[in-house]
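Below is one structure, written out as structure tokens; comments come after it.
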Amino acid sequence: MTPRLASPWVDLLLPLSLSGLLWERSGNPAGMVLILAIWCGLKFLRWLPSEPVYGVLIGVLVVSLSAVIHPISGSAPTDLILVLLAFAAGLQQSKAQWRGGLWFVLATVIVSLPFVEFDRFNSNLDAIPWSVLRDALPQEAVRIQRITINRSGYLYGLFALVGYGLYRSEVRPWLSRLAVVVGVFSFVLALGAASRAALLFPIAAQIFTELCWWNRQWVARRAKSLAGTILVLSLLFNLALYAPGSPMVAEEPSDVGRAQVAQCFVSQSLRSLPDLLIGQGYDRVSDHCASKVFLPDRTSGIPHAHNVFLHALADQGVITLILMLVALSLVFQRLFSGLAGDAGSLCRTGLACALFILASSLVESTLLKTSLQQVISGYLLAIAWVAPLPLKQENFRTIGS
């Protein structure tokens with residue numbers, strides 16, 4: 001089974017993983033986890049004959065499996081491990097493999113429909129200016145069975161960006177139209193999830209990506225500085241959002257509560273040098289802050305930081321946080337550079353997804369618990385390492401042009 005033949009069809013397991021919801025009403029059912037583990041293992045097997053290190057990754061996957069299915073804490077080492085394994089599974093795929101893989105990722109929208117449920121009031125409907133349309137839509141928020149509203153909105157936001165990317169890159173008109181229809185439908189579901197991040201961030205990510213695409217030669221020459229700018233702006237955004245007395249949150253009690261939780265995570269992380277360097281383990285800081293800060297009309301505290309990076313700082317320390325930032329910087333550098341290359345249209349999709357993942361990570365603990373979310377996120381970030389064209393094909397293209 002060669003990588004070229006195996007990889008796209010293996011990605012069919014991604015949407016099929018939702019079938020695990022048929023047997024278990026859970027935000028992370030065992031059936032879903034097992035199918036995703038099989039997907040990841042098959043991805044690694046394709047490289048095993050030539051790269052023995054993938055055998056080690058298969059071992060890490062198998063050892064981690066029981067901890068994913070039977071977690072003993074809200075946050076766990078397996079959260080980031082699954083992201084890393086999915087990222088490794090997507091490394092060095094060709095453009096053709098990614099094209100098939102993205103279509104299967106987009107198909108998850110259709111497969112999810114039988115599992116859609118309705119929950120509390122959808123506050124995103126207030127963004128619709130036409131009362132007739134607003135009143136005609138379901139007033140309850142959408143989620144994928146027991147997957148939380150915010151995580152469902154995150155997934156649908158990512159799928160919407162994948163759909164738009166396929167719409168822009170497909171050369172066959174009917175496939176292009178199919179991609180945009182499914183992508184728009186996914187965005188409607190993201191709107192229905194009552195998540196402000198799922199509503200606003202896909203639009204912002206795609207607008208920024210289009211600006212980069214129109215100026216891709218200029219962007220490619222400044223890839224490193226632009227990647228650094230993205231991270232600095234993210235830091236400034238979080239400082240403005242979570243700093244004590246921030247005007248950005250002063251009028252919204254729930255936002256004030258989230259800012260106080262973030263401040264609690266930071267203060268606990270800075271208690272001592274060892275805690276700062278290597279973290280305090282899982283749920284210790286979460287439990288402490290949940291006992292101190294309560295949102296309006298809530299009798300229990302928030303068991304997470306509403307921020308992936310602060311959660312990593314508290315649980316795993318500043319060393320892990322620095323490695324995460326370095327990895328993100330490399331992802332953005334390669335995607336910015338790739339816009340002007342042969343895989344430019346694929347890097348355009350990857351850039352939009354990476355921006356959305358980063359933006360969501362600043363306001364939500366997007367990588368907790370739900371394995372499908374972790375796997376999709378890690379897999380799409382690997383677009384930055386799309387395999388270059390073989391030398392013969394590249395020379396042929398050069399001669400032909």
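Pairs are defined by a Cβ separation below 6 Å, a sequence spacing of at least 6 or placement on different chains, a first member in segment 219-237 that is in contact (Cβ under 8 Å) with a residue 24 or more places away in the chain and under 16 Å from residue 341 (Cα atoms), and a second member that is aromatic (Phe, Trp, Tyr) and part of a helix (DSSP H, G or I); the pairs so defined are 219/336; 223/336. For segment 334-353, taking the residues that are part of a helix (DSSP H, G or I) and over 18 Å from the mean Cα position of the chain (by Cα), the one that is surrounded by the fewest Cβ atoms within 10 Å (Cβ to Cβ) is identified as 344. Residues of segment 34-87 that are among the polar types (S, T, N, Q) and either touching a residue at least 40 places away in the same chain (Cβ under 8 Å) or touching a Leu at 6+ places or on another chain (Cβ under 7 Å) (or both): 73, 75. All told, residue 129 falls short of being under 27 Å from residue 199 (Cβ atoms), open to solvent by 70 Å² or more (accessible area, probe 1.4 Å), at pLDDT below 95 and in a helix (DSSP H, G or I). Among residues of segment 161-188 that are closer than 29 Å to residue 149 by Cβ, those with a Cβ under 8 angstrom from a residue that is acidic (Asp, Glu), sequence gap 6+ or separate chain, pair up as 179/170.
Residue-by-condition table, conditions (1) hydrophobic (A, V, I, L, M, F, W, C); (2) surrounded by fewer than 20 Cβ atoms within 10 Å (Cβ to Cβ); (3) at pLDDT 95 or above; (4) at positive phi:
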| position | (1), (2), (3), (4) |
| --- | --- |
| 4 | no, yes, no, no |
| 44 | yes, no, no, no |
| 95 | no, yes, no, no |
| 109 | yes, no, yes, no |
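Taking residue 332 as the residue in question, decide whether it is in contact (Cβ under 8 Å) with a residue 40 or more places away in the chain, among the hydrophobic types (A, V, I, L, M, F, W, C) and more than 18 Å from residue 158 (Cβ to Cβ).
No, not satisfied.
Before we move on, is residue 60 open to solvent by 30 Å² or more (accessible area, probe 1.4 Å), under 27 Å from residue 304 (Cβ atoms), out of contact with any helix residue (DSSP H, G or I) (no Cβ under 6 Å at 6 or more places or on another chain) and among the aliphatic types (A, V, I, L, M)? It would help to see each step written out before you state the result.
Values: open to solvent by 30 Å² or more (accessible area, probe 1.4 Å): yes; under 27 Å from residue 304 (Cβ atoms): yes; out of contact with any helix residue (DSSP H, G or I) (no Cβ under 6 Å at 6 or more places or on another chain): yes; among the aliphatic types (A, V, I, L, M): yes.
It is true that residue 60 is open to solvent by 30 Å² or more (accessible area, probe 1.4 Å), under 27 Å from residue 304 (Cβ atoms), out of contact with any helix residue (DSSP H, G or I) (no Cβ under 6 Å at 6 or more places or on another chain) and among the aliphatic types (A, V, I, L, M).
Consider segment 189-218 and keep the residues that are within 23 Å of residue 340 (Cβ to Cβ) and aromatic (Phe, Trp, Tyr). The one that is surrounded by the most Cβ atoms within 10 Å (Cβ to Cβ) is 213.
Answer yes or no as to whether residue 24 is open to solvent by 30 Å² or more (accessible area, probe 1.4 Å), charged (D, E, K, R) and at pLDDT below 85. Yes.
Residue-by-condition table, conditions (1) touching an Asp or Glu at 6+ places or on another chain (Cβ under 8 Å); (2) under 30 Å from residue 180 (Cα atoms); (3) not basic (Lys, Arg):
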site: 11; (1), (2), (3): no, yes, yes
site: 30; (1), (2), (3): yes, no, yes
site: 34; (1), (2), (3): no, no, yes
site: 41; (1), (2), (3): no, no, yes
site: 84; (1), (2), (3): no, yes, yes
site: 89; (1), (2), (3): no, yes, yes
site: 101; (1), (2), (3): yes, yes, yes
site: 105; (1), (2), (3): yes, yes, yes
site: 112; (1), (2), (3): no, yes, yes
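Screening segment 153-188 for residues that are touching a helix residue (DSSP H, G or I) at 6+ places or on another chain (Cβ under 9 Å) and of a type in the set (Phe, Trp, Tyr) and picking the one that is surrounded by the most Cβ atoms within 10 Å (Cβ to Cβ) gives 154.
The values are calculated or read from the model by the stated rules, or taken from the named source; none is laboratory data. No experiment lies behind these values; they were computed from the predicted model shown. Neighbour counts are summed over all protein chains in view; Cβ atoms, including those assigned to glycine, are modelled from backbone coordinates with ideal geometry. To get the accessible areas, we keep the full protein, side chains included, count just its heavy atoms, and leave off ligands, DNA and RNA. Shrake-Rupley method; radii C 1.70, N 1.55, O 1.52, S 1.80 Å.
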